[in-house]
Amino acid sequence: MAALPKVAIVGYPNVGKSTLVNRLSETREAVVHPQAGVTRDRKEVEADWNGRRFLLVDTGGVDLEETDDLAREVQRQARSAIAEGDVVVLVVDAGAGMRPGDTELARELRGAAVPVLVAANKVDDAIRQADAAEFYGLGLGEPIPVSAAHGLGTGDLLDRVAAALADVPEREEEQPTRLAVIGRPNVGKSSLVNKLLGEQRVIVADLAGTTRDAIDMRIEVDGRPVVLVDTAGLRRRTKVAGTVDYYAQLRSEQAAERADVAIVLCDASEGGITSEDFRIAELAMKKHCATVIALNKWDVTDTDLEDARARVEKKLRQRPRLMAVSAKTGRGLSRLVAEALDVADRGAERIPTPQLNRFLSDVQGIRQPPARHGKRLRLYYLAQYGTAPPRFALQVNDRGLVTRDYAYFVENRLRERFGLAGVPLILDIKTASGRR
């Protein structure tokens, strides 16, 4: 897999950066809302123009006049995106005209070591294209009039981006394993991610709901490429309907769907695993995502780990592994990542058919299959036909004789025998053709 060049999208708050990212990438990855300041962290979205692939890096709105802690952190994130970018696109609002904030940002960008393009956004019809001319005054070359909302001029912008990236090579790299950190608001997801990264990569604040998007971050674990995904806190949809948090919620659910493993983070200081934590774990499982449960803030709790483990095994059919960690001190984090990667690997393995059929014989010896009206269920053959998640085909004499309880019994023994705790399984049970 190639490591793609990066295009940093920066600008003053509410100029339409996230809308432009969605338009250029032809996705809805970036959260868009009329409220200013929705984007806070960096978010990378893949785009393609005439065969040239690259990452668009959406950033929070930068107002250099703001001095509160959150604003400073947004500024730091945007500067990091500029430092890592191969091209920078400064987005301005042509309808509002040139503002002091645009001038301040342009002053910083004039010394950049990479090409800088000016996208004059909100030019929603051809008559208003002249509005872009004002931004020549930024000293960054010819502004490109665009409309992120309607798509006008975006092809010209992409042509300029592709031309600026012409000499930037794609580097080959191994396909990364995706680990999504999900959980309720304010359980420490961003703190855990930052501790793993060793830097303040995502914004952390005491205010619940600081993260409003699913943020991808690439790291290496013993030479293996890994993408950590920090997500917004998950609430019940009815509680966030009609707010900006609703869209953040959708992105978190999509992040779980795309991940190889979901690390479900819980707050151990609240007495262990709550019913809402179990709901979030089940959401990940419904997306066919492997799961590991991490009890955070273990340094400030007296929660009984064995009691929590017993509740997990009783409540969750996938029986995920349970870890005690502390995002603050770093306790257990290396082991957590190792366990998550192991779960991902096991979900991608193929079990040889002879081993599966020896297992099938042993299972029937442990517990006799059910019978109905004098006819007993017989298990003939088990084979794996897919991975990530593992998919198995089980041939029986009569599918109608299979009870839910016995199917769960076979599934649980399968997990135990082959180390598939936390891995989603799909077991297709079919009546063997041609058999009586």
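No value in this document is a laboratory result; all are computed from the given coordinates. Here the structure is a predicted model, which means the values were calculated and not measured. Every residue, glycine among them, receives a Cβ derived from its backbone with ideal geometry; neighbour counts consider all protein chains shown.
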Among LEU414, LEU165, ALA133, the residue whose Cα sits farthest towards the positive end of the charge dipole of the chain (+1 at Cβ of Lys and Arg, -1 at Cβ of Asp and Glu, taken about the Cα centre) is LEU414
Residue by residue through the stretch 185-192, the couplings from Karplus 6.51 cos²θ - 1.76 cosθ + 1.60 with θ = phi - 60°, in Hz, x for Gly and Pro, are x, 6, 9, x, 4, 5, 4, 5
One finds, for ARG28 and THR431 with R0 = 56 angstrom and r their Cβ-Cβ distance, a FRET efficiency to the nearest 0.05 of 0.85
Taking 0.36 nm per residue of separation between ALA149 and GLN175 and subtracting their Cα-Cα distance, the length gained on full extension comes to 6.0 nm
Placing each pseudo-label 7 Å from Cα in the direction of the beta carbon, LEU64 and LYS314 end up separated by a distance in nanometres of 6.0 nm
The helix 353-366 Cα axis meets the longest alpha-carbon principal axis of the chain at an angle in degrees, between 0 and 90 and rounded to 10, of 50 degrees
Helix-only [θ] at 222 nm, the chain, -39500 (n - 2.57) per DSSP H run of 4+, per residue, nearest 500, equals -10000 deg cm²/dmol
For the chain, the longest principal axis of the Cα atoms and the Cα long axis of helix 275-286 enclose an angle in degrees, to the nearest 10, of 90 degrees
Within the under-14-Å Cβ sphere about LEU295, not counting LEU295, Lys/Arg +1 and Asp/Glu -1 give a net charge of 0
With T = 10 °C, eta = 1.306 mPa s and Kirkwood Rh from C-alpha pairs, the Stokes-Einstein D of the stretch 290-396 in µm²/s is about 94 µm²/s
Measuring from the longest principal axis of the C-alpha atoms of the chain, the long axis of helix 244-258 (C-alpha) lies at a number of degrees, nearest 10, equal to 50 degrees
Links exceeding 28 Å between C-alpha atoms in this model, out of LYS122/LYS189; LYS286/LYS314; LYS43/LYS328; LYS43/LYS189; LYS287/LYS375; LYS6/LYS122, come to LYS122/LYS189; LYS287/LYS375
Scalar couplings 3J(HN,Hα) for the stretch 7-13 by Karplus 6.51 cos²θ - 1.76 cosθ + 1.60 (θ = phi - 60°), nearest whole Hz, x for Gly and Pro, are 10, 7, 9, 10, x, 5, x
Between ASP159 and THR274, the two model label points (7 Å from Cα along the beta-carbon direction) sit apart by a distance in nm of 5.4 nm
For ALA119, other-chain or 5+-apart residues with amide H closer than 5 Å (H placed, Pro excluded) are LEU90, VAL91, VAL92, ILE144
With VAL146 itself left out, Lys, Arg at +1 and Asp, Glu at -1 over residues whose Cβ is under 14 Å from its Cβ give -2
The simple spin-label model distance between ASP307 and ARG417, using points 7 Å out along Cα→Cβ, in nm, is 3.6 nm
The long-range amide H neighbours of VAL221, using H built 1.01 Å from N in the peptide plane and a cut-off of under 5 Å, are VAL226
Rounded to whole angstrom, the alpha-carbon centroid of the stretch 269-285 lies from that of the stretch 121-145 at a distance of 50 Å
By the mean-Cβ-within-10 Å protection proxy, highest first, 261-267, 353-359, 22-28 rank as 261-267, 22-28, 353-359
For the stretch 300-436, percent of DSSP beta bridges that are antiparallel (nearest 5) comes out at 55 percent
Rounded to one decimal in Å, the inverse mean reciprocal Cα-Cα distance for the stretch 85-156, i.e. its Kirkwood radius, is 12.2 Å
In order over the stretch 156-161: 3J(HN,Hα) from phi, Karplus 6.51/-1.76/1.60, θ = phi - 60°, whole Hz, x for each Gly or Pro, gives 4, 5, 5, 4, 5, 5
